[in-house]
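Below is one structure, written out as structure tokens, with a few remarks after it.
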Amino acid sequence: MRDNIYSGGYLPYENCETIDEVLEKYTKEIKLSIINCIDISFNQEIDEMVVCLIEDPEEEEITYEVTVVREEWNSTLDSCKDYFESIEDYEECSYIKDLKSRISTDFTGHPE
């Protein structure tokens, strides 16, 4: 696992009144964790992984689950890449590009 990445579990909701505020406040952490979970899922051949659980500040119960599933890896990574391009984090964009390349190539080194 890479350093400085939120490792899953619960996201705190201090100073947030709605779940949308939690998602906005922790966008970067969630996106980094999504990328990390896809990487782990790919390496361990897992089809679905929970990235994090979010407690709704209004309800004070778990109401939102961020999950990555194999069928959506590419579109999810594209969305993450768009986000990191928007904040000019090109190192993370490069990591995503590498991960997508590994996913699209089988273990013999040949594209699927």
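Quick test of your reading of the structure: Arg2 fulfils all but one of (1) closer than 19 Å to Ser101 by Cα; (2) modelled with pLDDT of 90 or more; (3) surrounded by fewer than 19 Cβ atoms within 10 Å (Cβ to Cβ). Name the failing condition by number.
(2)
Going by what's in this entry, would Ser94 be described as part of a helix (DSSP H, G or I), more than 14 Å from the chain's Cα centre (by Cα) and at pLDDT 95 or above?
On the way: part of a helix (DSSP H, G or I): yes; more than 14 Å from the chain's Cα centre (by Cα): yes; at pLDDT 95 or above: yes.
When the stated conditions are applied, Ser94 passes them.
So for the stretch 21-31 (the condition being modelled with pLDDT of 70 or more and either more than 22 Å from Phe84 (Cβ to Cβ) or outside any helix (DSSP H, G or I) (or both)), does at least one residue qualify? First the steps, then the outcome.
Taking the stretch 21-31 and keeping what is modelled with pLDDT of 70 or more, we get 21-31.
Remaining after also requiring either more than 22 Å from Phe84 (Cβ to Cβ) or outside any helix (DSSP H, G or I) (or both): 26.
Yes, there is a match, as at least one residue in the stretch 21-31 is modelled with pLDDT of 70 or more and either more than 22 Å from Phe84 (Cβ to Cβ) or outside any helix (DSSP H, G or I) (or both).
Out of all the residues in the stretch 40-66, which are acidic (Asp, Glu), touching a helix residue (DSSP H, G or I) at 6+ places or on another chain (Cβ under 6 Å) and at pLDDT 90 or above?
Asp47
For residues that are of a type outside the set (D, E, K, R) and more than 14 Å from Ile96 (Cβ to Cβ), scanning just the stretch 60-83, find the one that is surrounded by the most Cβ atoms within 10 Å (Cβ to Cβ).
Across the stretch 60-83, the extreme among qualifying residues is Val66.
Which one of these does Ser86 not meet: (1) closer than 15 Å to Ser104 by Cα; (2) modelled with pLDDT of 95 or more?
Of the numbered conditions (1) closer than 15 Å to Ser104 by Cα; (2) modelled with pLDDT of 95 or more, the odd one out for Ser86 is (1).
From the set of residues in the stretch 5-20 that are of a type outside the set (Asp, Glu) and modelled with pLDDT of 70 or more, which is nearest to the chain's Cα centre (by Cα)? Step through it out loud before you land on a result.
Going residue by residue through the stretch 5-20, those that are of a type outside the set (Asp, Glu) are 5-13, 15-16, 18-19.
Filter again for modelled with pLDDT of 70 or more, leaving 11, 13, 15-16, 18-19.
On the way: Leu11: 13, Tyr13: 18, Asn15: 23, Cys16: 21, Thr18: 21, Ile19: 17 Å.
This residue is Leu11.
Across the stretch 84-96, what is the number of residues that are under 18 Å from Tyr26 (Cα atoms), surrounded by 15 or more Cβ atoms within 10 Å (Cβ to Cβ) and not charged (D, E, K, R)?
Just the residues of the stretch 84-96 that are under 18 Å from Tyr26 (Cα atoms), to begin with: 84-89, 92.
Okay, now just the ones that are also surrounded by 15 or more Cβ atoms within 10 Å (Cβ to Cβ), so 84, 89, 92.
Now restrict to residues that are not charged (D, E, K, R): 84.
Of the residues in that region, 1 qualify.
List every residue pair whose Cβ atoms lie under 9 Å apart, where the two residues are 6 or more positions apart in sequence or sit on different chains, the first residue falls within the stretch 99-112 and is modelled with pLDDT under 95, and the second residue, located anywhere, is among the small types (Gly, Ala, Ser) and outside any loop (DSSP other than H, G, I, E, B).
Listed by first residue and then by second, the contacts come to Pro111/Ser104; Glu112/Ser104.
The values are calculated or read from the model by the stated rules, or taken from the named source; none is laboratory data. Since the model is a prediction, treat every value here as computed from it, not as a measurement. Virtual Cβ from ideal backbone geometry, glycine too; neighbours counted across all protein chains shown.
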